There are 2 protein chains.
Amino acid sequence: MNHQPLTSAVTFTLAAVDGAARAGTLHTPHGAVPTPCFMAVATCGGLKGVTVQQAEELGQGVVLGNTYHLALRPGAERVRELGGLHQFSGWRGPMLTDSGGYQVFSLASQRKISDEGVWFRSHLDGTAFNLTPEESIRIQRLLGADIIMAFDECPPSDAPRADIERAVARTSAWLARSVDAWRAEGPYGGAAAQALYPVVQGGLERDLRERSALDALRHDLPGCAVGGLAVGETFTDRNRVLDWVVPMLPAAKPRYLMGVGTPLDLVAAVARGIDQFDCVLPTRMGRHGIAYTDAGPLRIKRAEYGADPRPLDDTPSQAARVSRGYIHHLVKANEMLGGQLLSLHNLAYYRRLMARMRAAIRAGRFAAFHDAYVAGYGDDAEGVPDDGRA
Amino acid sequence: MNHQPLTSAVTFTLAAVDGAARAGTLHTPHGAVPTPCFMAVATCGGLKGVTVQQAEELGQGVVLGNTYHLALRPGAERVRELGGLHQFSGWRGPMLTDSGGYQVFSLASQRKISDEGVWFRSHLDGTAFNLTPEESIRIQRLLGADIIMAFDECPPSDAPRADIERAVARTSAWLARSVDAWRAEGPYGGAAAQALYPVVQGGLERDLRERSALDALRHDLPGCAVGGLAVGETFTDRNRVLDWVVPMLPAAKPRYLMGVGTPLDLVAAVARGIDQFDCVLPTRMGRHGIAYTDAGPLRIKRAEYGADPRPLDDTPSQAARVSRGYIHHLVKANEMLGGQLLSLHNLAYYRRLMARMRAAIRAGRFAAFHDAYVAGYGDDAEGVPDDGRA
């Protein structure tokens, strides 16, 4: 056992290593989760199309809420008034909130960035907001997730080096302020109740990634995230960044790759030592008629599935009782139940994919699993909507 | 025990009578259901926003599919190819299909009605279709529900008497043809596998209602439906029709009031001896932000519910874990999960309302239940979307 001191809200136990891949357990105030794990995204505090009871039934581990969305609507004070994000959403397992930074940079209009923070207008109604490291942590303390994120600047993948370098410097300064706000005494949250993760930025520049990682590590926080990826770069470039950064991170702490990804992305990143993932793809692609399978994404609207009596695949979920032909019909008829069943399937598929990877790591056969999985995947991938992978 | 001969697919056991209200059991090839019962509407073969597993969990009895919608898309042959409506949809309990008549008259364009049947164009893509008594029964045999309906003509509530009289005559002639098609030998369905119900028409004209009822009864079918209501008439007019028709129907057979209604409508019709109901309101109103409660419809979007920590009411459903404030937030944010939770709540509320009525009938205290329920209902009813009741 290598638990960290009890003063940390979240601790990590490493159980097996196979190459760079790791299997372990993340211990949180709302239960333990085996890693590598996929965290489902409840953007506005609810999984899209999936109730918390259904998420429990399919074995979902961590659920993630978006600080930007929740702060704009219904507001962090309202969530706190209704008991915090766990009681608000009904999710009883571990939760994570991001810092709001990513959405400010991707969704908000009329942004003004300074070293102090970001001033922006809501994408909903144009209301003016201000987000600083202190404000992001204050909101995340009100929300009350088990894991919270430091406020960072996430530049686009094609930003000039000077912009990335400035973002790394800001991310470093904002991390120090985030840590102070997280450690501060206060009515809610704090270091004993919530774990703060820093975010490594640096784009595709090796020296900037290394600089950002070293800065993140000097705060000795309970885990570490790699950000600034899944923003338009190629699969190869992303994995190159992981090859630089992950070996720098301490083995005893969990590593979180933000916003990633497709099943192939997850397998590639687990192979490089990542422990935690989040992504909107399982529910978003489900709403768009895509079912993930070992053979690749299955586009259920295709005519060939109209009379197909088989289930999507052998993933246990509420979608397993009905045929591809039935789900094809629902999606063609614009019935919301079609997107719901595909979302349930995809979350269950992701959960089971992580479980299969954990079993392979513990058995010392992850490389064989990886190669077989990659070889089998992709038959149907042609024509799948762009998901950020080139 | 007063089961009908084993040759009937569906039989009815009457267990208790309290005034005109009755409690019994409907026995079908896919299980027995206590009555009075509410049948949930799966228009295109799927409940809107609710999986079959969720419907099982909340205790849903019968599920209804719409012949018109299923015949247009994906087509009855496709449903049969995929195992029939039960296997297609995954619903393992009793099912009922309507005849398609109601939707032809309310949805289709360019209708031409003759004594032979109806020619019309699909509301989806303008494709030409033809529906006759024989074709409706052929489709319903392919679909394979436990209870199927005779093809009838349903005029609007404000139709002139001459139109209603002609519709009663057509309904009578079409019933005889429906019965022949139902009794015929054939590859699927038939009288031993499916129960056929006739439909009593006649608008608000007492003599026409009586004429239609007498005609329906002469075929000695396993049950009887009252149609042509919930088409714009007042609550008072509807109950007057039930007061004329229901006493004419045999006590030993189930009576089905088509397309009704709100909780108050159900209580009023059970008081008059109705055993089966169907209506889209629980899921449709759920998607529109309405939760049914004993105090009346609760409009969750109202500002007063934004910070309300209470559950919708004490109905056990997947919505019971979260607060009114949370569902208010989801609905305001246009999250599909909001409509899903309200649909689950409403179906569970309807199921429990029927169970409470059954218990009251069996205990001989239905009149007291009725009066207390009606007195408590409606506080919040002002401003509820029009649902066909004047």
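The values are calculated or read from the model by the stated rules, or taken from the named source; none is laboratory data. This structure is a prediction, so every number in the text was calculated from the model and none was measured. Heads up, the Cβs are rebuilt from the backbone with ideal geometry, glycines too, and the neighbour counts pull from every protein chain shown. Note: areas computed on protein heavy atoms with side chains; ligands, DNA, RNA excluded. Shrake-Rupley method; radii C 1.70, N 1.55, O 1.52, S 1.80 Å.
Only protein heavy atoms count here, probed at 1.4 Å, and on that basis chains B and A bury about 3600 Å² of accessible area in total.
Could you grab the relative contact order for region A:61-218? Cα pairs under 8 Å, six or more apart, rounded to a whole percent. Before the final figure, lay out each step's value.
Working: 268 pairs, mean separation 32.2, N = 158.
Reported relative contact order: 20 percent.
Shortest first, A:Lys301 label-point distances to identical copies amount to 2.8 nm, with the label point at 7 Å from Cα along Cα→Cβ. Remark on region A:278-315: accessible area falls by at least 10 square angstrom from chain-alone to full-complex state for A:Arg287, A:Gly306, A:Ala307, A:Pro309, probe 1.4 angstrom.
In terms of its alpha-carbon gyration tensor, region B:213-278 comes out prolate; a/c meets the 1.5 threshold, and the first ratio a/b outweighs b/c.
Heavy atoms of the protein chains alone define the surface here; on that basis region B:1-89 has 33 Å² accessible area per residue at 1.4 Å probe size. Ligands, DNA and RNA left out, the 1.4 Å accessible surface of region A:1-94 is 54% carbon and sulfur atoms. With an 8 Å Cα cut-off and a minimum separation of 6 or more residues, compute the relative contact order for region A:7-57 in percent. That works out to 22 percent.
Non-local lysine pairs in the protein assembly as shown, meaning eight or more places apart or on different chains, with alpha-carbon distances under 17 Å, amount to 5.
In plain terms, chain A is cut at each of the GluC sites (Glu not before Pro) found in a DSSP loop with at most 11 other Cβ atoms within 10 Å, and the longest leftover piece is A:186-381. Given +1 at the Cβ of Lys and Arg, -1 at the Cβ of Asp and Glu and no other charges, the dipole of region B:287-364 around its Cα centre is 220 debye to the nearest 20. Under the convention that each Lys and Arg Cβ holds +1 and each Asp and Glu Cβ holds -1, the size of the dipole of chain A around its Cα centre is about 540 debye.
In this label model, B:Leu214 and A:Glu116 are separated by 8.9 nm, measuring between points 7 Å along each Cα→Cβ vector.
Protein-only accessible surface at a 1.4 angstrom probe places the residues B:Ser106, B:Ser8 in the order B:Ser106, B:Ser8, largest first.
Does the protein assembly as shown come out rounded, prolate or oblate, given a ≥ b ≥ c as the square roots of the eigenvalues of its C-alpha gyration tensor, rounded meaning a/c under 1.5 and, failing that, prolate meaning a/b above b/c?
Verdict is prolate for the protein assembly as shown.
The calculated FRET efficiency for the pair A:Glu81 and A:Ala193, based on their C-beta separation and a Förster distance of 22 Å, comes to about 0.75.
Across the copies of the chain, A:Arg218 has label points (7 Å from Cα along Cα→Cβ) spaced 9.8 nm apart, shortest distance listed first. Taking the axis that rotates chain A onto chain B, the chain A residue nearest to it by Cβ, with the distance rounded to whole Å, is A:Met336, 3.
Inter-copy label distances for B:Phe129: 4.6 nm (label point placed 7 Å from Cα along Cα→Cβ; shortest first).
When the square roots of the Cα gyration tensor eigenvalues are ordered a ≥ b ≥ c, the ratio a/c for region B:163-277 is 1.5 or more and a/b exceeds b/c, which makes its shape prolate. If you plug the beta carbon distance of A:Asp163 and A:Ala368 into 1/(1 + (r/R0)^6) with R0 = 51 Å, you get a FRET efficiency near 0.75.
Pairs of Cα atoms nearer than 8 Å and 6+ residues apart set the relative contact order; for region B:152-268 it is 25 percent.
Under 19 Å from a point placed 7 Å out from the Cα of A:Lys301 along the Cα-to-Cβ direction: which residues of region A:322-341 have their backbone N that close? From region A:322-341, the list is A:324-341. The magnitude of the dipole of region B:198-243, with charges of +1 and -1 set on the Cβ of Lys/Arg and Asp/Glu and taken from the Cα centre, is near 40 debye.
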